[in-house]
Amino acid sequence: MDVLSMLGNGVRAITITGQKIISEKRNNDTCDVELCLSLKVLYDDNQPKYKSETIGEYILKWLEYKRKKLKPTSFDRLDTTVTHQIIPILGDVCVNELTTADIEDMIRFLKEEGYSYSTVKKAYEAIRSCMRYAVSQSIVDKNPADQAELSVKDFEINNKVKFWTDAEMDIFQKEALKIENGNYKYRFGNCFVLLMSTGIRVGEAIALQWSDIDFDKRQMNICKNIATVRNRSSDIPRKYIDVEQSTKTRNGNRKIPLNDVAIAALNNLQSVSGNNNRLFDTTYRSLDRMFKIILKNCNLPRTGMHTLRHSFASKLFRLGVDVKIISDILGHSDISITYDTYVHVTQEQRKEAVESLCEK
């Protein structure tokens, strides 16, 4: 406790954490200045400098703060970034000693280790947000990440997402809808056909209810998403659980037009789902296992279910659909995401357009 007291003969004393400064009162101004300076010296010397608080320790506290503000899926991604990209590199650095050079060293190291621009950007944004929080808590005076340089030009970007040709899509669809002994060989084969003909995300499909389907208007309402996240509750023994949440972005809430293939898939699914409110009474992992079995049985290369979405989008590009319309259907938050993701398709279109001019 700080104690300011008047002693005999006009002398003041300040006691801070057991130390005493005595200043003779020559006049009020001089005495006050001397006492304030003494107070500042002792106060600064006795304040915790966070020497023992490292980035590794502090960022875990910040994670708990962010946990209350983020969706489970977003928090899982942030947790992974902190655990695998930030703590191994900056974990031993003291919070109040972190510099812009340290952060740029982290960026350089991750780049040299072969991480993508997207992954490195997530790490940079995480440490920047963490240090912004430290500034707001008066732990540091300024954010060293604000001056760090991260340029997309420094990375070799491979935006070539995996998608199927029309022939591969036909091969997959025929296998997915195969009938054996009067029943579908794959219980949710029509689910994959629906994904491939609408471009919706797997999590959005699993969250669909029959009330989201308007057969008269031939459209589908996308307003929610089911995601598999790490189980952080001790009440449930499973390592991962499925949770329903809002769509990935604000633009994720959208109406999807349904073509004849999608309508047929939905009609077929009604016979499978029975009285269930949801179209697919299953989980992401179960669908993924079935998807890989279908790939194997029709001799297509192993890939992820997101290929269905990419194949749908790439086909729209090849058909000449405007990129803004494609972006709206996919539910991207910004049209630039659509451009960046499918840049190879648009480049191929430009190449074909120029070559067609030469042929005339």
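For Y342, list long-range residues whose amide hydrogen, built 1.01 Å from N in the peptide plane, is under 5 Å from its own amide hydrogen.
Amide H neighbours of Y342: none.
Cβ under 10 Å from D146's Cβ, D146 left aside: what net charge do those residues give with Lys, Arg +1 and Asp, Glu -1?
Computed value for this residue: +3.
Lys and Arg at +1, Asp and Glu at -1: add these up for the other residues within a Cβ distance under 14 Å of K122 and post the number. Mind dumping the intermediate values first?
Numbers: positive: K66, R77, K111, K121, R128; negative: D76, D79, E125.
Every neighbour counted, the sum reads +2.
In Å², what does the accessible area per residue of the range 59-194 work out to with a 1.4 Å probe? Intermediate results must be reported in sequence, preceding the final value.
Numbers: 7800 Å² over 136 residues.
Roughly 57 Å² per residue, with all protein chains present.
Show me, for the range 174-188, the HN-Hα J-couplings you get by feeding each phi into the Karplus relation (A = 6.51, B = -1.76, C = 1.60, θ = phi - 60°), rounded to Hz, glycine and proline as x.
4, 6, 5, 9, 5, 9, 9, 6, x, 10, 5, 5, 10, 3, 10
Within the range 55-85, find all residues whose amide N lies under 15 Å from a label point positioned 7 Å from the Cα of S336 along Cα-to-beta-carbon.
Residues passing the 15 Å test: none.
Quick check: at a probe of 1.4 Å, how many percent of the accessible area of the range 94-133 sits on carbon and sulfur atoms? It would help to have the intermediate numbers written out before the result.
Details: 850 of 2000 Å².
Answer for the range 94-133 is 43 percent, counting heavy atoms of protein chains only.
Please tell me which of these pairs span more than 22 angstrom C-alpha to C-alpha: K61/K122; K174/K315; K71/K153; K255/K315; K217/K255?
Numbers: K61/K122 18 Å; K174/K315 18 Å; K71/K153 31 Å; K255/K315 19 Å; K217/K255 10 Å.
Distance filter (> 22 Å) returns K71/K153.
Can you give the percent of C-alpha pairs in the range 48-160 whose distance is more than 24 Å?
Details: 1456 of 6328 pairs.
Cα-Cα pairs of the range 48-160 separated by over 24 Å account for 23 percent.
Taking every alpha carbon pair in the range 98-233, what does the distance histogram look like in 5 angstrom bins from 0, in percent?
2, 8, 11, 11, 10, 12, 11, 10, 9, 7, 5, 3, 1, 0, 0
Around I294, with a cut-off of 14 angstrom between Cβ atoms, what is the net charge of the other residues, counting Lys and Arg +1 and Asp and Glu -1? All intermediate terms of the calculation are to be shown ahead of the outcome.
Numbers: positive: K174, K178, K185, R187, R289, K292, K296, R302; negative: E168, D170, E175, E180, D288.
Result for the local shell: +3.
Using only the alpha-carbon atoms of the range 255-352 as identical scatterers, what base-10 log of I(q)/I(0) does the Debye formula give at q = 0.13, 0.20 Å⁻¹?
Rounded to two decimals, the profile gives -0.64, -1.19.
The values are calculated or read from the model by the stated rules, or taken from the named source; none is laboratory data. The structure displayed is predicted, hence computed values, not measured ones. Neighbour counts run over all protein chains shown; Cβ positions are idealised from the backbone, glycine included. Accessible surface areas use protein heavy atoms only, side chains included; no ligands, DNA or RNA. Shrake-Rupley method; radii C 1.70, N 1.55, O 1.52, S 1.80 Å.
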